[in-house]
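Inspection log for the structure reproduced underneath, given as structure tokens.
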Amino acid sequence: MDGAHDMGGVAGFGPVEPERDEPVFHADWERRAFALTLAMGKPGGWTIDMSRFARENRPPADYLVMSYYQIWLAGLERLMAERDLVQPDEIAAGRALHPASPRPALSRDEVAPVLARGAPTTRPAQAPARFAPGDRVRARDLTTPAHTRLPAYVRGHVGVVDLMHGCHVFADASAAGAGEAPQWLYTVRFDARELWGDDTTAGAVSVDAWESYLEPLDGEGGRHK
Amino acid sequence: MSASHDHDHDHDHSELSETELRVRALETVLTEKGYVDPAALDLLIETYETKVGPRNGARVVARAWTDPAYRARLLADATAAIAEFGFTGRQGEHVVAVENTPRLHNMVVCTLCSCYPWPVLGLPPVWYKSAPYRSRAVKDPRGVLADFGVTLPDDVVIRVWDSTAEIRYLVLPQRPDGTADWSEERLADLVTRDSMIGTGLARSPQDPA
């Protein structure tokens, strides 16, 4: 979606302000909000892409004034409400008001193995790759109200395929509950002047793009169509 | 639930306490419903406050500086090379290491959210997740470096990596001069978190820690 989260190149946010000797968390509620979000992944059963969409899909003015963990918390509440796990009246009351569904919690013993395993997103290829390193490609000019990971600042611009990462779960499909629909994933490198004209101090900028985000340049084809 | 790090920053007090109450209420409801185990929450927090952090990445970088075969493995398959230390898993399932040279400087950002290589760097700092960094890194990385007090020669090309999928990037900074006879352990002390994101350089032996 074209939301406030898609920040690449947006002007006016001011300088970056590093914090000396920054703690991992800045308040105890941040610790708990972080841990609740990770722990609820098991009983909740949502994908990381659904989580990202639940966080970013809110009015731009809200997104920009909320702190990072406030956004996490709001995203978690939405994911749970959508699945009837916890309703807003229960959070307001501070106690359970509706029956729980049988969904086992993440146990303390599971924490280390679950974190160590993570959730790899590589999947077997269903088709040959359309592009190869060195191919020139154009990022498609896609807009959608749904989740996507093609940032606005590269749309319509021409870059070069730099790296291939195999086939990965397609974020747009996964966020929509449409399954994994794996696609080839590429790092596409753009000359910074292609993106910004002369108004840049970068040499090159790359994004990681699923195959359906990309189209071959006219006359150059895709090698393996 | 240690409160040792609690401080106010510039947040509004009443808003903060409202959020605090909300999180507490949520944890109570989820515990009553059997969806979370508070002991598991404690361990999740402890893991990222005390076990997983940029010290992990510093060990990886220091080994790459001292062991050419390890450096080659890291650049060929960073996920596997990092797993040699036992650093694996969540938000580091697919890692690519990118090497700085005298002519090329790499910087990593996630313009869309906050993607960051947790197993080697821990959880991201606030500035990494902030609008100023996410908006400006892809367009004006020299301006961002200036905010960190870093100036690079004009002939250094800056390459910015926007983490828009599940690939996570680790910058392999340049080894500081004057460290030829240093051990891997000593070198690791020179590897800062920011040098592995690309918003800083590794410390030189003369810099205060």
Q. Once the Cα atoms of helix A:68-82 and of chain A are each reduced to a long axis, what angle between those two axes, in degrees from 0 to 90 to the nearest 10, is obtained?
A. 70 degrees
Q.
At a threshold of 8 angstrom on Cα-Cα distance, excluding pairs fewer than six apart, so keeping six or more, what relative contact order does chain A reach in percent?
A. 20 percent
Q | Span from the the stretch A:141-195 Cα centroid across to the the stretch B:103-118 one, whole angstrom | A | 16 Å
**Q.** Estimated FRET transfer efficiency (B:Lys51, B:Gln174; beta-carbon r; R0 30 Å; 0.05)
**A.** 0.60
Q: In whole Hz, with x marking every Gly and Pro, tabulate ³J(HN,Hα) for the stretch A:167-172 from phi via Karplus 6.51 cos²θ - 1.76 cosθ + 1.60, θ = phi - 60°.
A: 8, 10, 3, 7, 4, 4
Q | Area projected by the alpha carbon convex hull of the protein assembly as shown, averaged over all directions, nm² | A | 21.5 nm²
Q) What is the local net charge at B:Val126, summed over the other residues whose Cβ is closer than 9 Å to its Cβ (Lys, Arg +1; Asp, Glu -1)? A) -2
Q) Taking a point 7 angstrom from the Cα of B:Ala39 along the C-beta vector, which residues in the stretch A:113-142 have backbone N less than 17 Å away? A) A:113-114
Q) Taking R0 as 25 Å, what's the FRET efficiency between A:His98 and B:Glu20 from their Cβ-Cβ distance, rounded to 0.05? A) 0.55
Q) Under the definition of partner shielding as Cβ atoms of other protein chains within 10 Å of a residue Cβ, what is the mean value for peptide B:74-82? A) 0
Q.
Nearest 10 degrees is fine. How inclined is helix A:28-44 to the longest principal axis of chain A, computing both from alpha carbons?
A. 80 degrees
Q: Could you tally the net charge around B:Val95, taking each other residue with its Cβ under 11 Å from the Cβ of B:Val95, Lys/Arg +1 and Asp/Glu -1?
A: -2
Q. Does the stretch B:54-197 classify as rounded, prolate or oblate by the C-alpha gyration tensor (a ≥ b ≥ c root eigenvalues; a/c under 1.5 gives rounded; else a/b over b/c gives prolate, otherwise oblate)?
A. oblate
Q: Please go through the stretch A:1-109 and write out the GluC sites (Glu not before Pro) that DSSP classes as loop and that have at most 12 other C-beta atoms within 10 Å.
A: A:Glu19
Q. Rounded to the nearest 500, what is the protein assembly as shown's calculated 222 nm mean residue ellipticity when only DSSP H runs of at least 4 contribute -39500 (n - 2.57) each, over all residues?
A. -10000 deg cm²/dmol
Q) Once both axes come from the Cα atoms, what is the angle between helix B:54-66 and the longest principal axis of chain B, in degrees from 0 to 90, rounded to 10? A) 20 degrees
Q.
At 7 Å along Cα-to-Cβ for each site, give me the label-to-label distance between A:Thr143 and B:Arg203 in nm.
A. 4.9 nm
(Q) Using the basic label-point model (7 angstrom from Cα toward the beta carbon), what is the A:Ala132 to A:Ala181 distance in nanometres? (A) 2.8 nm
Q) Quick one: Karplus J couplings for the stretch A:118-135, per residue in order, coefficients 6.51, -1.76, 1.60, θ = phi - 60°, nearest Hz, x for Gly and Pro? A) x, 9, x, 10, 6, 9, x, 5, 9, 7, x, 5, 7, 10, 9, x, x, 5
Q) What is the diffusion coefficient of the stretch A:79-219 in µm²/s, taking the Kirkwood radius over Cα pairs and the Stokes-Einstein relation at 37 °C with a viscosity of 0.692 mPa s? A) 179 µm²/s
Q: Tabulate in residue order the Karplus-calculated ³J(HN,Hα) for the stretch B:97-108, using 6.51 cos²θ - 1.76 cosθ + 1.60 with θ = phi - 60°, rounded to whole Hz; enter x for Gly and Pro.
A: 9, 10, 9, 7, 9, x, 10, 9, 10, 9, 9, 10
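Just so you know, all these numbers are worked out from the coordinates, no wet-lab data involved. Quantities reported herein were computed from a predicted structural model and do not represent experimental measurements. FYI the Cβ positions are ideal-geometry reconstructions off the backbone, even for glycines, and counts take in every protein chain you see.
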